[in-house]
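This report concerns only the one structure given below.
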Amino acid sequence: MVEVDLPDECLTTDFNVDAILKKMFKMFNNPSLPLEIPESQLRKLCLATREVTMSQPVVPELSAPVNICGDIHGQFEDFVEQIKVIGLPPQQNYLFLGDYVDRGKRSLETICLLFAFKVKYPNNVFLLRGNHECASINRIYGFYDECKRRYNIKIWKTFTDVFNCLPLAALVENTIFCMHGGLSPDLSDPRALNKIERPLDIPNRGVLCDLLWSDPDPDIVGFGDNDRGVSFTFGANEVSKFLDKNDLSLIVRAHQVVEDGFEFFCKRKVIIKSLRSDHYKLTFLSIHMMNKTWGFMSPSKWMESGYNDTNVIFWL
């Protein structure tokens, strides 16, 4: 388990991300502590996160090794425990697939820690947008009410403005395509998404909607109706077609609760990475590369193995 060192000094008269991290790190040893960040500092944290995010592409390209995390949904205590085991940035690189808020009781703590990590370590932490990073969704499922109860509606609007700037997908080692939702009949080239201008709202249909909402379906060919009432489902043939066309080998996505925190689809060409079904436990997946071949394992198994050489490939 990683030891969390607190800075000896921090500035409090103006925004300083180390000051926010210091307060957040105190909660690592006692995650039940309340968030004690003034509204003015939260606003500055959001502005700093927005600035960093807008300076990076809509589809950032990452190098391995990287730890990938699916939905968090305000489960701050679980999130902290996993980060303490795996390690803090910049010693560890992270890619989060969205859905940081709603449902759980501590969305504010979760998103503040993620934003502080992003500002402090912009090239080690990447935050993709999930369908719950949309005002029309988190207005209903908890984040709006939490902001209103603990601060005010204005701070919710400030967070919403940052959410509208988050990247929509990521490429790892030019071979793994990551997003929150899934494929779209309107998406042919992942890098073409970089032409999209932000900030943006997510429409009810189209490629932006599908990236955040679509789901795989083992029983169909092509694209089909989605029981969610929005976007599509996609079959294994669409996965193979998309990967072959773009010279990719794997898709990693979230958006669904699965039995062990991850699940395969399309003969190991898709990994569904999200909450475990047993009490909605949070899990991570570590991606490692060797000679353009990817391998992966749970971070806990990686650490238990005693290996720290990222050239070693592990297969689940």
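List, in the order given, every pair from 84/154; 105/195; 23/105; 84/148; 23/157 whose Cα-Cα distance in the structure shown is over 27 Å. Pairs exceeding 27 Å: 84/154; 105/195; 84/148.
Summing +1 for each Lys or Arg and -1 for each Asp or Glu among the other residues whose beta-carbon sits under 12 angstrom from that of residue 126 gives +1.
Mind running the shape call on segment 16-95? Use the C-alpha gyration tensor, a ≥ b ≥ c as the square roots of the eigenvalues: rounded below 1.5 for a/c, prolate if a/b tops b/c, oblate otherwise. All intermediate terms of the calculation are to be shown ahead of the outcome.
Details: a/c = 1.93, a/b = 1.13, b/c = 1.71.
Taking the square roots of the gyration eigenvalues as a ≥ b ≥ c, segment 16-95 is oblate.
Taking the alpha carbon gyration tensor of segment 63-202, multiplying each eigenvalue by 5 and rooting it gives semi-axes of 24, 20, 13 Å, largest first.
Taking 8 Å as the Cα distance limit and 6 or more residues as the minimum spacing, I'd like the relative contact order of segment 193-234 as a percentage. Kindly include the intermediate steps, with their values, before the conclusion.
Working: 42 pairs, mean separation 15.0, N = 42.
In percent, rounded to a whole number, it is 36.
Here segment 65-120 has 46 percent of its accessible surface on carbon and sulfur atoms, given a 1.4 Å probe and all protein chains in place. In this structure segment 9-96 gives 42 Å² per residue of accessible area when probed at 1.4 Å with all protein chains present.
Give me the extension gain from residue 240 to residue 43: residue separation times 0.36 nm, minus the current Cα-Cα distance, reported in nm with one decimal.
On the way: separation 197, 0.36 × 197 = 70.92 nm, distance 4.35 nm.
So the extension gain works out to 66.6 nm.
What's the extension gain from residue 247 to residue 141 if we count 0.36 nm per residue and subtract their Cα-Cα distance?
Numbers: separation 106, 0.36 × 106 = 38.16 nm, distance 3.80 nm.
Gain on extension, residue 247 to residue 141, equals 34.4 nm.
The values are calculated or read from the model by the stated rules, or taken from the named source; none is laboratory data. Note that the coordinates shown come from a computational prediction; the quantities given were computed from them, not determined experimentally. Neighbour counts are summed over all protein chains in view; Cβ atoms, including those assigned to glycine, are modelled from backbone coordinates with ideal geometry. These accessible areas exclude ligands, DNA and RNA; they are computed on the full protein's heavy atoms, side chains included. Shrake-Rupley method; radii C 1.70, N 1.55, O 1.52, S 1.80 Å.
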